[in-house]
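Inspection log for the structure reproduced underneath, given as structure tokens.
Throughout, read-outs are computed from the coordinates displayed, never taken from laboratory work. Values in this document were obtained by computation on a predicted structure and should not be read as measured data. Cβ placement follows ideal geometry from the backbone for every residue including glycine, while neighbour counts extend to all protein chains displayed.
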Amino acid sequence: MDKYLPLLFLFLCISCSDSEKNNHSVYFAGEIVNPTSEYVVLYKGGKALDSTKLDGNNRFAFQLDSIKDGLYHFNHEPEFQYVYLEHNDSLQLRLNTVDFDESLIFSGTNEGVNNFLLELFLAQEEEEEDMYRSYYDLEPEDFKAQIEVLKNEKLKTLNDLKSETGLSDKAYEIAKASIDYSYYRYMEIYPFEHKRKSGENALHKLPKDFYSYRKDINYNNENLNYLRPYYDFMKSHFGNVSYMACAEKCGLKGKAVGNQLHFNEHKLHVIDSLVKEKELRDNLFRNVAFNYLLKEHNHPENNEIFIDKFQKVSGNNVHIKEIETLYNGIRKIQPSEEVPDIKVIDFNGNEVSLKEVAKNKKAVFYFWSSANKNHYEDIFKRVAALNAEDDDISFIGINVKTDEKNWNGIIQNHRLDPSKQYRSENFKELTETFILIPMNKCIITEDGLIVDAFSNIYSTL
Ligand SMILES: [Zn+2]
């Protein structure tokens, strides 16, 4: 008998690998009502896997061969949402962009877990508001008990779904993590929000078991890296742990963080010591770098120190180019640096350099796009008011992401002075040079030199 076994084994393997090839393809399709873009793009983590164009009936379809079971994202500009896919899946969705998340419905194989993740996402948007409205006021014991109640309700729904429809282990793991980490996150935020809301002058003393869930944290589960509740938890968690480490070692004692460089060094250290999984590690380090570099403008001399420390713990970060571009960009727009030589188009269609535009005058550059009507109408009003106060200053609008005809129309409709309006055709260059986050930022210059590149059009100039 035994001598036939290897042959039988081989035979079975051939047939199973064959059927694997044929059956592992995934069909993911859908209909988008009121499309805001022509495309749907499917992502695994930060990587675009495939894209497809909507047809004449606003329908799209992906046929994917042998993809890994797990969490994906699809993007229909400007929105993103999850989709959980497993081999052999045939899944359809329908959505209306007017109410993107609220209108989204999945049908087909694995509709259960996909609709569950979506409902969870929507429920938690509301719950987040309840946290701020009332729950963070509670005393620690009561808060923890309340969180347990909410969490167990969600777990019960998930377990019912599992026994009714039979979720795979992986689908269950992702749905459960989505619940667990959402509630763990509130626990991490609680001490700080409780202090803020109660007006107490120190962080409230917490019972010994307050953070008992921390023994269950998994810092190294790559299936969860792009699950929003997991990643958001990690950001809050490392904020909390870094603050507590600093309070203990450096005597911060419930005070606000004064020195951002010092605090962010703690953060780099804590992440470095706890997270080994490369992708999560890189994403969290990137988050620290962006937060630090974008928020800290009072001590630009510290940026170099920060970047040196960053290189030491995360020199091989996959996002290192992006971080260095940001760092270098910030360096080039410090006070008394020359306005960068960026090309823009004037109202007559001529290409001019912003360096020239900024010459021999005091100027404030502000930014707008036709994509957000409320945003630009508010900005135009604000600029008109500022202009009335101080006509020494030239307020200069730079438009991004609007075609020429539309741009002309908006300028005329709002009776803007066309000699003070320009349009950029290179959004990437402009945002990287002027670090256009947030869009309300404005740049103050005098005689071609930067005065403040990190001002805000709504603050006093
Ligand atoms: Zn410290």
Descending Cα extents along the principal axes, segment 235-386, whole Å: 59, 34, 32
Label LYS355 and GLU141 with points 7 Å out from Cα along Cα→Cβ: what is the distance between them in nm? 6.9
Rg and Dmax of segment 117-332, Cα atoms only, in Å: 18.8, 60
Identify all aspartates and glutamates with a Cα-Cα distance to LYS343 below 16 Å; exclude those on the same chain that are fewer than 8 residues away in sequence. GLU351, GLU356, GLU404, GLU425, GLU429, GLU432
What value, in deg cm²/dmol to 500, does the helix sum -39500 (n - 2.57) over DSSP H runs of n ≥ 4 give at 222 nm once divided by the residues of the chain? -16000 deg cm²/dmol
To the nearest 0.05, the calculated FRET efficiency linking SER212 and GLU129 through their beta-carbon distance, R0 being 22 Å, is 0.25
Based on the Cα gyration tensor of the chain, what are the three equivalent ellipsoid semi-axes, each the root of five times an eigenvalue, rounded to whole Å and given largest first? 44, 32, 23
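Over segment 400-446, consider all pairs of different Cα atoms and compute the Kirkwood hydrodynamic radius from their mean reciprocal separation; express it in Å, one decimal.
12.2
Against the 2.2 N^0.38 Å scaling, with N counting residues, where does segment 309-391 land? I'd like the Cα-based Rg ratio to two decimal places. List each step's numbers first, then the result.
On the way: Rg = 17.9 Å, N = 83, 2.2 N^0.38 = 11.8 Å.
Relative to the rule-of-thumb radius for its length, segment 309-391 sits at 1.52.
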Each label point is 7 Å from the Cα along the Cα-to-Cβ direction; what then is the distance between the points at ILE105 and VAL149, in nm? 3.2
Based on Cα positions only, what radius of gyration and what Dmax would you give for segment 343-456, in angstroms? 13.0, 33
So, in nm, how far is label ASN302 from label LYS195 when the simple model puts each one 7 Å beyond its Cα toward the Cβ? 1.7
What size of dipole, in debye to the nearest 20, comes out for segment 117-332 about its Cα centre when the only charges are +1 on Lys and Arg C-beta atoms and -1 on Asp and Glu C-beta atoms? 820
Given charges at Cβ of Lys, Arg, Asp, Glu: the chain dipole, positive-most of GLY349, LEU416, SER394: SER394
Extension gain from THR460 to ASN115, taking 0.36 nm per residue of separation minus the Cα-Cα distance: 119.5 nm
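Considering every pair of different Cα atoms, what Kirkwood radius, in Å, is found for segment 40-135?
On the way: mean 1/r = 0.0684 Å⁻¹.
In segment 40-135 this quantity evaluates to 14.6 Å.
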Work out how much length ASN259 to ASN408 would gain on full extension: take 0.36 nm times their residue separation and subtract the Cα-Cα distance, in nm to one decimal. 49.0 nm
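Calculate, for ASN96 and GLU38, the FRET efficiency according to 1/(1 + (r/R0)^6) with r their C-beta to C-beta distance and R0 25 Å; round to the nearest 0.05. List each step's numbers first, then the result.
Working: r = 17 Å, r/R0 = 0.67.
That gives a FRET efficiency of 0.90.
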Report the equivalent ellipsoid semi-axes for segment 243-316 in whole Å, largest first, defined as the square roots of five times the eigenvalues of the gyration tensor built from alpha carbon atoms. 20, 17, 10
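Taking 0.36 nm per intervening residue step and subtracting the Cα-Cα distance, what contour gain separates LYS68 from LYS321 on full extension?
So the chain would gain 88.2 nm between LYS68 and LYS321.
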Among the DSSP beta bridges whose two residues both lie in the chain, what percent are antiparallel, rounded to the nearest 5? 70
Give LYS68/LYS401; LYS309/LYS355; LYS47/LYS276; LYS321/LYS373; LYS44/LYS170 a once-over and call out the pairs whose C-alpha atoms are over 27 Å from each other. LYS68/LYS401; LYS309/LYS355; LYS321/LYS373
